[in-house]
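Input: a single structure, listed below in structure tokens.
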Amino acid sequence: MFFQITKVDENRPVDFMSINKWTTALSVILIVASLISLSVNKLNWGLDFTGGTLVEVGFTQPANLSELRTVLEDNDFGDAIVQNYGTPRDVLVRVPPRGEGDSDAIGNELLSMLQANIEDDIQIRRVEFVGPQVGEELAEAGGLALLVALICILIYVSFRFEWRLALSAVAGLGQDVIIILGLFSVTQMQVDLTILAALLAVIGYSLNDSIVVADRIRENFRKLRKEDPTSVINISLSQTLSRTLVTSLTTLVVLIVLMLFGGQMIFGFSVALAVGVVVGTYSSVFTRSTLVLAMGISREDLMPPEVEKEGEDHESYL
């Protein structure tokens, strides 16, 4: 039924705005809950931001990462992150800061542990310490990247469409980011550079939906001269609903497969994107449209400026 709404009867569109009070309340609850969790629980920063020790381990046979993670967990290294590095025989173990122990001591401890439990011929090829200063710089750079992206979006959409549509789009994007970070704060899943990449991807994905809806709203304001703003927005959302649902559901299916079979290294990335797709779709349909109506958009705001033809005033006197 939903996928057949490509040509909507303008006299019977889906009345999305009839529940805008409920969706506004839901948005406020989710944002406030996320902010409270972020202020109380904070975020569980990964090694990319907190610093720690990088240990490159060489195996004579392709490494079994599941077995390696089990051994590390059984020996008080359950917080270590394990991934292939280059070839299946090369493994990178990332260990968060561990008290006063230096990187060489951690490398020797890992070597003894793995030789005793997995393979005698394991070699430690590289041990490096990543200081917390690098982590602070990454966190600042990541936050700055998100801020710059939102500002650029605000400028572009204001220039391309109208400032009310731009402000509502940026507000919706901000809501998406806050809710995703709130989820990671509540669940205490690690936040590393892949999560930052997911947030930037969500901004791009959600912005695409916003541009499609904004373009249809502008087109319908110019075409449906007898409709009020609420009806125009309902018609516009109804006309773009099939495209929104097909795109979101298709993307969501892929992300669910990645969560189930993609492995530990991209699990957080997949979760962040999946939540972003769901929240972004919700924002595109309800949050942005509600804000546009609340800011009092009208047909005159979206009409193209009239271009006065040369010689028109002279002809009017004849």
Amide H of TYR85 versus every other amide H placed in the peptide plane: which residues, excluding those fewer than 5 positions away on the same chain, fall under 5 Å? ASP90, VAL91, LEU92
How much length is gained if the chain between GLN61 and VAL148 is pulled fully straight, taking 0.36 nm per residue apart and subtracting their Cα-Cα distance, in nm to one decimal? 26.8 nm
Computed FRET value (nearest 0.05) for MET265 with GLU140, which takes r as the C-beta separation and R₀ as 25 Å: 0.55
Give the carbon-plus-sulfur fraction of the accessible surface of segment 52-130 in %, rounded to a whole number; probe 1.4 Å, heavy atoms of protein chains only. 41
Order PHE77, PHE129, most accessible first, counting only protein heavy atoms with a 1.4 angstrom probe. PHE129, PHE77
How many angstrom lie between the Cα centre of segment 206-231 and the Cα centre of segment 241-299? 20
Accessible area per residue for segment 52-130 in Å², computed with a 1.4 Å probe and the full protein assembly in place, what is it? 54
Modelling each spin label as a point 7 Å along the Cα-to-Cβ direction, I'd like the SER39/LEU224 distance in nm, to one decimal. 4.1
Lys, Arg +1 and Asp, Glu -1 on Cβ, resulting dipole of segment 52-130 about Cα centre, debye, nearest 20: 300
For segment 233-276, report the accessible area per residue in Å² (1.4 Å probe, heavy atoms, rounded to an integer). 42
Return the long-range amide H neighbours of VAL14 (sequence gap of 5 or more, or a different chain), with a cut-off of under 5 Å between placed amide H atoms. SER238
Accessible area, probe 1.4 Å, largest first, for residues TYR205, TYR85: TYR85, TYR205
Here, trypsin sites (Lys or Arg not before Pro) of segment 195-242 satisfying both criteria (DSSP loop; at most 15 other Cβ within 10 Å) are ARG225, LYS226
Which semi-axis lengths, in whole Å and largest first, follow from the square roots of five times the eigenvalues of the Cα gyration tensor of segment 52-130? 18, 13, 12
Jot down the per residue volume, in cubic angstrom and as a whole number, of the convex hull over the alpha-carbon atoms of segment 108-245. 174
Got a number for carbon plus sulfur as a percent of segment 198-255's accessible area, 1.4 Å probe? 60
Per the charge dipole of segment 104-262 (beta-carbon charges, Lys/Arg positive, Asp/Glu negative, Cα centre), the residue among GLY174, ALA198, PHE261 reaching farthest to the positive end is GLY174
Separation of alpha-carbon centers, segment 186-204 and segment 40-81, rounded to whole Å: 19
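The values are calculated or read from the model by the stated rules, or taken from the named source; none is laboratory data. This structure is a prediction, so every number in the text was calculated from the model and none was measured. Every residue, glycine among them, receives a Cβ derived from its backbone with ideal geometry; neighbour counts consider all protein chains shown. Surface areas here come from the heavy atoms of the whole protein model, side chains and all, with no ligands, DNA or RNA. Shrake-Rupley method; radii C 1.70, N 1.55, O 1.52, S 1.80 Å.
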